[in-house]
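Data first, discussion second: the structure below is written as structure tokens.
The values are calculated or read from the model by the stated rules, or taken from the named source; none is laboratory data. What you are looking at is a predicted structure, and each value in this text was computed from that prediction instead of being measured. Every residue, glycine as well, gets a Cβ built from its backbone with ideal geometry; the counts of neighbours run over all protein chains shown. Side chains included, ligands, DNA and RNA excluded: accessible areas come from the protein's heavy atoms. Shrake-Rupley method; radii C 1.70, N 1.55, O 1.52, S 1.80 Å.
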Amino acid sequence: MARIAGVDLPKNKKIGIALTYLYGVGRSLARVILEKAQVSPDKRTYELSDDEVRRIRETIEQEGIKVEGDLRKEVM
């Protein structure tokens, strides 16, 4: 199971949809993240390799995309 930003992503959904489970990530931003991480949006979460999950995490960090806790602090 992929865990990104402290959130367990649903394993049977396509990763393009599963990323929207992160607070602050919509479908268009998920598409951009996957493009930059070079991961197919049609892959199911359980099909991702550890390397692909790492690339997604690194892309979110490198691009400075605020998700989950960081974003909730700003909103509150």
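Among the numbered conditions (1) in contact with a helix residue (DSSP H, G or I) (Cβ under 8 Å, 6 or more places away or on another chain); (2) open to solvent by less than 80 Å² (accessible area, probe 1.4 Å), tell me where VAL32 comes up short.
The number of the failed condition is (1).
For segment 14-23, enumerate the residues that are in contact with a Lys or Arg (Cβ under 7 Å, 6 or more places away or on another chain) and either open to solvent by 40 Å² or more (accessible area, probe 1.4 Å) or among the aromatic types (Phe, Trp, Tyr) (or both).
LYS14, THR20, TYR23
Given (1) part of a helix (DSSP H, G or I); (2) surrounded by fewer than 16 Cβ atoms within 10 Å (Cβ to Cβ); (3) of a type in the set (A, V, I, L, M), identify the lone condition not met by MET1.
Condition not satisfied by MET1: (1).
Among the residues of segment 33-43, what is the count of those that are β-branched (Val, Ile, Thr) and in a helix (DSSP H, G or I)?
Summing the residues that are β-branched (Val, Ile, Thr) and in a helix (DSSP H, G or I) in segment 33-43 gives 1.
When segment 44-66 is examined, which residues are found to be aliphatic (A, V, I, L, M) and either open to solvent by 70 Å² or more (accessible area, probe 1.4 Å) or assigned to a loop (DSSP other than H, G, I, E, B) (or both)?
Within segment 44-66, LEU48, ILE65 meet the criteria.
Residue by residue through segment 35-53, note down the ones that are over 13 Å from ILE15 (Cα atoms) and in contact with a helix residue (DSSP H, G or I) (Cβ under 9 Å, 6 or more places away or on another chain).
Selection gives LYS36 alone.
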